[in-house]
Amino acid sequence: MLGASAAGLAGGGYWYVRSSDTPDCPAFLEPDREFRESLSKTWSEPVVDDGTIFVGGGAGIVQMSSGSRMFRLLALEPSGEPKWVARQELEGGIGRPQPTDDRVFASTGANTLLAFDRETGELEWEFDAGGNVEGHMGVVTLVRDDTVVASVTDPDHDELEGSNAVVGVSASEGELRWATELDAPVSNGLALLEGTVVVATRAGTLTGVDPETGDRVWEEDLEGSVDWTGRPVSFAGSGWIPREDGTVVGFDPALGTIRDRLAGDRVDGEREDENDGFVRAMQGSDDALYVGDLDGGVIAYDAAGSERWRYEGPERIAALEAGADAVGALDQRGVYTELEPETGDASRAFLLVDVRDDDRCGHVPSERRFSGFATIRHTLVVTGRIAFGAGTYRLPPTR
């Protein structure tokens, strides 16, 4: 399914111009490097850890119609140059990488958990939950001390019962330590909050699990389903998770009790596509909870749940990054905008173009065109689905 090697574009610099004939076309950036999957053209959101960028190929692909295919895990330097590339033949893609000091862990659509050496990319061990064609793992993997946590669906393993579970695996040896059954599948809905593994299922059940023992600490009903992209985040001592109807629910990570509810301008039933979640991106920082919606808006909430500011963008938000100097927002047209953390004012914006496309003023937006982005130094790493692939862009220095 993959087989294509990482492709680097010559030059190593950035291109950006300003268009005078189209008012809403911002300056554009062309990529320094692009990475493509030969068939899946799908990548996980990038993860930056200690100066290295990690990206998994085929994230979210849970079953191949014609057998196994080769998928890649990339480790990139801040310049976007590959440090190493690991290749694995699997029934489904590689999820969001979880790096530690020694290893990089990744769940897969083949219901296997992989552990790679961080410095070399060599495969150290593999935990096979079975059911490699019918079953799959969720996209997100967590690590707590010497335990790796992942979710499995339709496993075929002697020590796993039921259709859905969250599992704890030894980080050093890849052996199963514990398993906790769930009532529904999990995709992105895993987070480690205040020492507790918080699991959000598609059915809207929120569960707190002890990462050492797998014991169920608490369970709460969100009273609404969770989109497959929904992930709990931390802000002001609470966990926050978006429901599909647009409500962002705040809860106590230690007890699971509901503390607050934040609702957007629209309610379920007013959207053109009722299968779309109202919230597509959410990030917490020390100062605010940032929520992006399908109308292109970004709202900053304070610790009391009050709106601090609102940015109105032209297209639905794909991903957010809360930095010390700016809040980065990527929309589904492919425009990256930097917002002032205190006011929400846009300081600058760039259209991220694809060198294989002649359209220099924005692509036709798609609800899932982009998977995510991350910044490291002056490099912007952007990943997408279907046609975009993964690219690195050189951001001009701020003045």
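Before we move on, is Val226 assigned to a loop (DSSP other than H, G, I, E, B) and buried (at least 22 other Cβ atoms within 10 Å of the Cβ)? Criteria met by Val226.
Scanning the stretch 285-294 for residues that are in a loop (DSSP other than H, G, I, E, B) and either under 15 Å from Gly323 (Cα atoms) or open to solvent by 80 Å² or more (accessible area, probe 1.4 Å) (or both) yields Ser285, Asp286, Asp287, Ala288. The residues on offer are Gly195, Gly174, Gly189, and the sole one that is of a type outside the set (Lys, Arg) and touching a residue at least 60 places away in the same chain (Cβ under 8 Å) is Gly174.
May I ask you to verify whether Glu220 is modelled with pLDDT under 95 and either farther than 26 Å from Arg316 by Cα or surrounded by fewer than 17 Cβ atoms within 10 Å (Cβ to Cβ) (or both)?
Values: modelled with pLDDT under 95: no; either farther than 26 Å from Arg316 by Cα or surrounded by fewer than 17 Cβ atoms within 10 Å (Cβ to Cβ) (or both): yes.
It is false that Glu220 is modelled with pLDDT under 95 and either farther than 26 Å from Arg316 by Cα or surrounded by fewer than 17 Cβ atoms within 10 Å (Cβ to Cβ) (or both).
State whether the residues of the stretch 67-86 include one that is over 22 Å from the mean Cα position of the chain (by Cα) and not in a strand (DSSP E or B). I'd like the intermediate steps shown before the answer.
Of the stretch 67-86, the ones over 22 Å from the mean Cα position of the chain (by Cα) are 67-69.
From what is left, the residues that are not in a strand (DSSP E or B) are 67-68.
The answer is yes; a qualifying residue exists.
Looking only at residues in the stretch 125-162 that are without any contact (Cβ under 8 Å) to a residue 40 or more places away in the chain and within 19 Å of Gly60 (Cβ to Cβ), the one that is nearest to the chain's Cα centre (by Cα) is Gly135. Report yes if Asp359 is at pLDDT 95 or above and not small (Gly, Ala, Ser), otherwise no. It is false that Asp359 is at pLDDT 95 or above and not small (Gly, Ala, Ser). Residue count for the stretch 373-390, restricted to those that are over 14 Å from the mean Cα position of the chain (by Cα), crowded, with 20+ Cβ neighbours inside 10 Å and at pLDDT below 90: 2.
For Gly174, state whether it is out of contact with any Cys (no Cβ under 6 Å at 6 or more places or on another chain), within 22 Å of Gly92 (Cα to Cα), in a loop (DSSP other than H, G, I, E, B) and not charged (D, E, K, R).
Working: out of contact with any Cys (no Cβ under 6 Å at 6 or more places or on another chain): yes; within 22 Å of Gly92 (Cα to Cα): yes; in a loop (DSSP other than H, G, I, E, B): yes; not charged (D, E, K, R): yes.
For Gly174, the condition - out of contact with any Cys (no Cβ under 6 Å at 6 or more places or on another chain), within 22 Å of Gly92 (Cα to Cα), in a loop (DSSP other than H, G, I, E, B) and not charged (D, E, K, R) - is met.
Asn132 meets all of the listed conditions (1) over 23 Å from Thr375 (Cβ atoms); (2) modelled with pLDDT of 95 or more but one, namely (2). Take the conditions surrounded by 15 or more Cβ atoms within 10 Å (Cβ to Cβ) and closer than 24 Å to Asp146 by Cα and apply them to Leu262. Does it pass? For Leu262, the condition - surrounded by 15 or more Cβ atoms within 10 Å (Cβ to Cβ) and closer than 24 Å to Asp146 by Cα - is not met.
Based on this model, can you work out whether Gly214 counts as part of a loop (DSSP other than H, G, I, E, B), touching a residue at least 24 places away in the same chain (Cβ under 8 Å) and either under 20 Å from Ile94 (Cα atoms) or more than 21 Å from the chain's Cα centre (by Cα) (or both)?
Here the answer is yes, as Gly214 does meet what is asked.
Name the residue that is modelled with the highest pLDDT, counting only residues in the stretch 162-174 that are open to solvent by 30 Å² or more (accessible area, probe 1.4 Å) and within 22 Å of Val198 (Cα to Cα). Ranking the candidates gives Ser163 first. For the stretch 194-211, residues that are part of a strand (DSSP E or B), open to solvent by 10 Å² or more (accessible area, probe 1.4 Å) and under 15 Å from Val143 (Cβ atoms) total 1. Tell me whether the stretch 16-24 contains one or more residues that are open to solvent by less than 30 Å² (accessible area, probe 1.4 Å) and either in contact with a strand residue (DSSP E or B) (Cβ under 8 Å, 6 or more places away or on another chain) or modelled with pLDDT under 95 (or both). No: zero hits. Out of Asp354, Asp325, Asp331, one residue alone is surrounded by fewer than 14 Cβ atoms within 10 Å (Cβ to Cβ) and either modelled with pLDDT of 90 or more or not polar (S, T, N, Q) (or both). It is Asp325. Inspect the stretch 250-257 for any residue being part of a loop (DSSP other than H, G, I, E, B), among the aliphatic types (A, V, I, L, M) and open to solvent by 10 Å² or more (accessible area, probe 1.4 Å) and give the result as yes or no. There is at least one residue in the stretch 250-257 that is part of a loop (DSSP other than H, G, I, E, B), among the aliphatic types (A, V, I, L, M) and open to solvent by 10 Å² or more (accessible area, probe 1.4 Å). The set of residues in the stretch 300-319 that are hydrophobic (A, V, I, L, M, F, W, C) and modelled with pLDDT under 95 comprises Ala303, Ala304, Ile317, Ala318, Ala319. Among the residues of the stretch 309-340, the ones that are part of a strand (DSSP E or B) and among the small types (Gly, Ala, Ser) come to 5 in all.
The values are calculated or read from the model by the stated rules, or taken from the named source; none is laboratory data. As the structure is a prediction and not an experimental result, all values here were calculated from the model. A quick note on method: Cβ atoms are made from the backbone with ideal geometry, for glycine too, and the neighbour counts reach across all protein chains shown. We work out accessible area using only protein heavy atoms, side chains counted, and drop any ligands, DNA or RNA first. Shrake-Rupley method; radii C 1.70, N 1.55, O 1.52, S 1.80 Å.
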